[in-house]
Amino acid sequence: MLLVDADRPEPVRGGARELAVFLTPEPGAEAKEVEETIEGLLLRLEEFCSLADMIRSDTSQILEENIPLLKAKVVEMRGIYAKVDQLEAFVKMVRRHVSFLEAHVLQAERDHGALSQALRKWLGSSGLPALGNRWAPVAPTFELPVLYRTEDYFPVDVGEVMPRAPSCQRRL
């Protein structure tokens with residue numbers, strides 16, 4: 001606010017008016033700048049809202065389409081895990097049978113194989129071929145223990161088809 005004295009001369013009043021006009025901002029220019037800033041903010045807000053809507057639609061699509069597929073894969077994987085567990089149990093059982101058979105083979109070699117082989121070599125090297133042939137001991141029979149059948153542990157379903165080897169056909 002300008003104080004104007006009536007006592008002062010007119011040139012001072014005129015200069016004060018010019019200075020007041022010069023220092024007083026134009027409301028139209030500032031209002032236009034504020035309106036442009038608000039328009040820019042509204043445009044960015046609209047872009048943000050459209051981006052949020054797009055994210056919501058993608059999220060709902062994922063929930064509606066992909067989650068049921070993932071659930072189906074989880075159920076399928078549980079079946080695979082069950083088969084892996086069965087396979088591990090089968091491998092443990094086979095390992096026990098193999099070590100059992102290996103112990104029997106070692107025992108049979110100790111009982112029959114090593115002595116008869118050494119005796120045959122000794123008789124064969126002594127130069128008495130007729131004596132070596134007559135003396136040939138009869139090998140005692142060895143009975144195999146009852147073994148497992150793989151089909152008992154992994155039954156073949158009619159619906160399961162064994163994969164075939166790829167054919168060797170050339171394409172021209």
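Since every read-out is calculated from the coordinates, none of them should be taken as a lab result. What you see is a predicted model, and the numbers here were worked out from it, not measured in a lab. Please note: Cβ atoms are built from the backbone with ideal geometry, for glycine as well, and neighbour counts cover all protein chains shown.
Taking Cβ atoms as reference points and 14 Å as the exclusive limit, the residues near E47 contribute a net charge of -2, counting Lys and Arg as +1 and Asp and Glu as -1. Once the C-beta distance of S99 and V156 is scaled by a Förster radius of 41 Å, the resulting FRET efficiency is 0.90 to the nearest 0.05.
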